[in-house]
Structure formats: C-alpha cells, structure tokens
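The structure appears below as structure tokens.
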Amino acid sequence: MTQGRLTRSRYNKWIAGICGGIAEYFGWNPELLRLVWVVLTVSTMFCGGIIYLILWLIMPQE
C-alpha cells in the first residue's frame, strides 16, 4: 500500500474533510471514523472539537 500525504478530503467530507482525509490515508471506513470521533469528542468534554479545528487549520486541502 502506497501512502501519499495526509490531506483533507475534497470529496469525502461533511464539514472540512478531516475525517475523510484521515480515513483515506489509513484505508479506514470514513463513516466509522466519524462515529468514533463524535463519541470521543462528547466523552472528552469536546476536546475532539478543538483538535478538529486545529487539524482544519494545518492539514492542506487535497
């Protein structure tokens, strides 16, 4: 498996393409990753939301 750069997905996105980009990079299911992200965000008092915003700023667009 050849992996390129970690980028935000242009086509597989709901908000900014962060979860879609991570899922494409690792070959994971993007819907399952989104579900895990939401559960972790809610269970950690929304720390996942802060991480999402940071990734939105630093991850380049595909």
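State whether the residues of the range 43-54 include one that is polar (S, T, N, Q), surrounded by 13 or more Cβ atoms within 10 Å (Cβ to Cβ) and modelled with pLDDT under 95. The answer is no, given that none of the residues of the range 43-54 is polar (S, T, N, Q), surrounded by 13 or more Cβ atoms within 10 Å (Cβ to Cβ) and modelled with pLDDT under 95. Within the range 20-36, not a single residue is in contact with a helix residue (DSSP H, G or I) (Cβ under 6 Å, 6 or more places away or on another chain) and either modelled with pLDDT under 90 or assigned to a loop (DSSP other than H, G, I, E, B) (or both). Among residues of the range 2-30 that are without any contact (Cβ under 8 Å) to a residue 40 or more places away in the chain, those with a Cβ under 6 angstrom from a residue that is buried (at least 17 other Cβ atoms within 10 Å of the Cβ) and not in a helix (DSSP H, G or I), sequence gap 6+ or separate chain, pair up as G20/S9; E24/S9.
Beta carbons closer than 8 Å, at least 6 apart along the sequence or on distinct chains, pair a first residue in the range 39-61 that is part of a loop (DSSP other than H, G, I, E, B) with a second that is surrounded by 12 or more Cβ atoms within 10 Å (Cβ to Cβ) for M59/L6; M59/T7; M59/R8; M59/I18; M59/G21; P60/T7; P60/R8.
Looking at R10, R5, can you tell me which residue is in contact with an Asp or Glu (Cβ under 6 Å, 6 or more places away or on another chain) and either open to solvent by 70 Å² or more (accessible area, probe 1.4 Å) or not polar (S, T, N, Q) (or both)? Please lay out each step first, then the result.
Details: R5 fails: in contact with an Asp or Glu (Cβ under 6 Å, 6 or more places away or on another chain).
Going through R10, R5 in turn, the sole match is R10.
Considering the range 17-42, and only residues there that are in contact with a Cys (Cβ under 7 Å, 6 or more places away or on another chain) and among the hydrophobic types (A, V, I, L, M, F, W, C), the residue that is most open to solvent (accessible area, probe 1.4 Å) turns out to be W37.
The values are calculated or read from the model by the stated rules, or taken from the named source; none is laboratory data. Bear in mind that the values here come from a model prediction, so they are computed numbers and not experimental data. Ideal geometry is used to build each Cβ from the backbone, glycine not excepted, and the neighbour counts take in all protein chains shown. The protein model used for the area step is the full one, side chains on, heavy atoms only, and it has no ligands, DNA or RNA in it. Shrake-Rupley method; radii C 1.70, N 1.55, O 1.52, S 1.80 Å.
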